[in-house]
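The structure appears below as structure tokens.
The values are calculated or read from the model by the stated rules, or taken from the named source; none is laboratory data. Everything numeric in this text was worked out from a predicted model, so none of it was measured. Positions of Cβ are generated from backbone atoms using ideal geometry, with glycine treated the same way; all protein chains shown enter the neighbour counts. For the accessible areas, the whole protein counts, side chains as well, though only heavy atoms, and no ligand, DNA or RNA atoms are used. Shrake-Rupley method; radii C 1.70, N 1.55, O 1.52, S 1.80 Å.
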Amino acid sequence: MKFRWPKRRHRLTRRGLELRQATTADVDTLSDLYESCMRPYAEAFYPWDTHRFRDDFNPAEIEVLAFQDAIIGLLRTKVSEEFVYLAEVQIREGFRNAGLGTELVKLTVQRATALDLPVRLRVLRNNPARQLYERLGFQQIAEGACDLVFQRPAA
């Protein structure tokens, strides 16, 4: 299903941040961001694959969060007929715990609500982000050896 999110002003842009579509030129910076955010949690379960992000890189699925032209976060979503999959929310160290991840998740929920779809995601068991998802109304619906699957029903 080909889908483009509507262009609307939201709280992030009012905070001086830009949320824009990723481009192929962003791959190096986004790969480094992904590694710095995920590697400490992933290595508890399996060896780190330095090529995974690049191999799966699809700019159409990724939005870049920028502050003063510097990339400080990313949001990766995939839309299917059954749900919106929140694949990645990453915030650069130094910008965490300021509500940015919360805003990106809430934005995804708003977009999914407009489509009358639930939001689904996977989170590694040891990742403290799972507390954020629970706080925002996500409920665990399944579990794997190293991760948990959460879903927030369509509003």
If unit charges are put on Cβ atoms (+1 for Lys and Arg, -1 for Asp and Glu) and the dipole of the stretch 33-155 is taken about its Cα centre, the option from A60, Y34, L104 lying farthest towards the positive end turns out to be L104
Under the helix-only model (-39500 (n - 2.57) for each DSSP H run of 4 or more, divided by the residues of the chain), the mean residue ellipticity at 222 nm, to 500 deg cm²/dmol, is -8500 deg cm²/dmol
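Evaluate the chain: find the radius of gyration of its Cα atoms, find its Kirkwood radius, and give the ratio Rg to Rh. Present the calculation step by step, with values, prior to reporting the outcome.
On the way: Rg = 14.9 Å, Rh = 16.0 Å.
Ratio of gyration radius to Kirkwood radius for the chain: 0.93.
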In Å², rounded to a whole number, the accessible area per residue of the chain with probe 1.4 Å is 57
Karplus-derived 3J(HN,Hα) from phi for the stretch 139-149 (6.51 cos²θ - 1.76 cosθ + 1.60, θ = phi - 60°), whole Hz, x at Gly and Pro, runs 10, 5, 10, 6, 8, x, 5, 10, 9, 10, 9
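Quick check for me: using +1 on Lys/Arg Cβ and -1 on Asp/Glu Cβ, what's the dipole size of the chain about its Cα centre, in debye to the nearest 20? List each step's numbers first, then the result.
On the way: 24 positive and 21 negative charges, 160 e Å.
Result for the chain is approximately 760 debye, rounded to the nearest 20.
At most 12 other Cβ atoms within 10 Å plus a DSSP loop assignment makes a site exposed; report the longest stretch of the chain without any exposed GluC sites (Glu not before Pro).
Values: sites that count: E43, E81, E82, E93.
After excluding every exposed loop site, the longest remaining stretch is 94-155.
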When the charge dipole of the stretch 58-155 is computed with +1 on Lys and Arg Cβ and -1 on Asp and Glu Cβ about the Cα centre, the Cα farthest towards its positive end, among I72, A145, A155, belongs to A145
Eigenvalues of the alpha-carbon gyration tensor of the stretch 89-136, times 5 and square-rooted, give semi-axes in Å, largest first, of 20, 14, 8
If amide H atoms are modeled at 1.01 Å from N in the peptide plane, then the residues at a separation of 5 or more from E88, or on another chain, having amide H under 5 Å from its own are R76
Amide H contacts under 5 Å for L117, restricted to residues at least 5 apart in sequence or on another chain and with H modeled in the peptide plane, are none
Sorted by chain and number, the residues with a modelled amide H under 5 Å from that of G73, at a separation of 5 or more or across chains, are L65, R92
Note, the stretch 112-120: 3J(HN,Hα) by Karplus (6.51, -1.76, 1.60, θ = phi - 60°), whole Hz, Gly/Pro = x, goes 5, 4, 4, 9, 6, 10, x, 10, 10
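With contacts defined as alpha carbon pairs under 8 Å and 6 or more residues apart, what's the relative contact order of the chain in percent? Mind showing how you got there, number by number?
Values: 216 pairs, mean separation 28.9, N = 155.
Reported as a whole number, the value is 19 percent.
With +1 assigned to the C-beta of every Lys and Arg and -1 to the C-beta of every Asp and Glu, and no other charges, what is the dipole magnitude of the stretch 65-153 about the Cα centre in debye, to the nearest 20?
On the way: 12 positive and 10 negative charges, 30 e Å.
For the stretch 65-153, the charge dipole is close to 140 debye.
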For the stretch 56-62, in residue order, the Karplus 3J(HN,Hα) values (coefficients 6.51, -1.76, 1.60; θ = phi - 60°; whole Hz; Gly and Pro = x) are 9, 5, 9, x, 5, 9, 10
